[in-house]
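Colleague: One structure coming up, written as structure tokens, with questions to follow.
The values are calculated or read from the model by the stated rules, or taken from the named source; none is laboratory data. This one's a predicted model, so the numbers in the text were calculated from it and none came from an experiment. FYI the Cβ positions are ideal-geometry reconstructions off the backbone, even for glycines, and counts take in every protein chain you see. Just the protein is used for accessible areas: all its heavy atoms, side chains included, with ligands, DNA and RNA removed. Shrake-Rupley method; radii C 1.70, N 1.55, O 1.52, S 1.80 Å.
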Amino acid sequence: MIDQLEAAFNFHQQALSLRHERQKVLASNIANADTPGYKARDMDFSGELAKAVRHGQVASGGLHLSRTDAGHLAGKAPASPDRELLYRVPEQPSLDGNTVDMDRERVAFADNSVRYQASLNFLTSRIQGLKKAMQPE
């Protein structure tokens, strides 16, 4: 039973984690809109989500540290995202080499924010439904 619950929520955890990572990439693009030579980046969200689900990765699993001495404490380092970031092809390249299109970035940022919130709302309603089903009448 617990395994089924974990599997059901694992997909949502991975989707929310990927949305969060994409939001950081889009925010970085917006922040560097005036930086000469900056290349706008983005990720293929559906491809990355399919890859994460296929491999069963946990987004915040972390890295296991190797111990070189028995006295060292076992620990975990934060996971480094191994997501494949793609470069955007600009429709109108600028003279300074910057490829950030602010209109495109704002739309992508807002779209990702709305989808993140929708995923949270869906997950919240699913958890409330499970809680309601487990409560005695």
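Colleague: Which of the following values of P(r) over Cα pairs in 5 Å bins from 0, in percent was calculated from the structure shown: (i) 2, 9, 16, 19, 17, 15, 12, 7, 4, 1, 0; (ii) 2, 9, 20, 24, 23, 16, 5, 1, 0; (iii) 2, 9, 14, 15, 14, 13, 11, 9, 6, 4, 2, 1, 0, 0?
Modeller: Label of the calculated value: (iii).
Colleague: Could you put MET43, MET102 in order of accessible surface area, largest first, with the 1.4 Å probe and the full protein assembly present? Write down the numbers at each step before the final one.
Modeller: Details: MET43 15, MET102 50 Å².
Descending accessible area places them as MET102, MET43.
Colleague: What does the charge add up to near SER125, with Lys and Arg as +1, Asp and Glu as -1, over the other residues with Cβ less than 13 Å from its Cβ?
Modeller: On the way: positive: ARG126, LYS131, LYS132; negative: none.
It works out to a net charge of +3.
Colleague: While we're on this one: LYS131: accessible area at probe 1.4 Å, nearest 10 Å²?
Modeller: 120 Å²
Colleague: Counting only C-alpha contacts under 8 Å and six or more residues apart, can you give the relative contact order of the chain as a whole percent?
Modeller: Relative contact order, the chain: 32 percent.
Colleague: Mind checking the dipole of the chain: about its Cα centre, +1 per Lys or Arg Cβ, -1 per Asp or Glu Cβ, Debye to the nearest 20? All intermediate terms of the calculation are to be shown ahead of the outcome.
Modeller: Details: 17 positive and 17 negative charges, 78 e Å.
It comes to approximately 380 debye.
Colleague: Determine how large the accessible area of GLU84 is when every protein chain is in place; take a 1.4 Å probe and give Å² rounded to the nearest 10.
Modeller: Counting only protein heavy atoms, the figure is 110 Å².
Colleague: Right, next: Can you send over the solvent-accessible area of TYR116, 1.4 Å probe, protein chains only, in Å² to the nearest 10?
Modeller: Solvent-accessible area, nearest 10 Å²: 80 Å².
Colleague: Follow-up question, since we're still on this one. Of PRO93, ALA15, ALA70, which is farthest towards the positive pole of the chain's charge dipole, taken about the Cα centre with +1 and -1 on the beta-carbons of Lys, Arg and Asp, Glu respectively?
Modeller: Final value for the positive-end residue is ALA70.
Colleague: Quick one: net charge around ALA108, please, counting Lys, Arg +1 and Asp, Glu -1 for every other residue with C-beta under 13 Å from its C-beta. Could the numbers behind the result be given before it?
Modeller: Numbers: positive: ARG19, ARG22, LYS24, ARG41, ARG88, ARG104, ARG106, ARG115; negative: ASP42, ASP44, ASP101, ASP103, GLU105, ASP111.
Residues close to ALA108 contribute a combined charge of +2.
Colleague: I'd like the orientation of helix 2-31 relative to the chain: the angle between its Cα long axis and the longest Cα principal axis, in ° from 0 to 90, rounded to 10.
Modeller: 20 degrees
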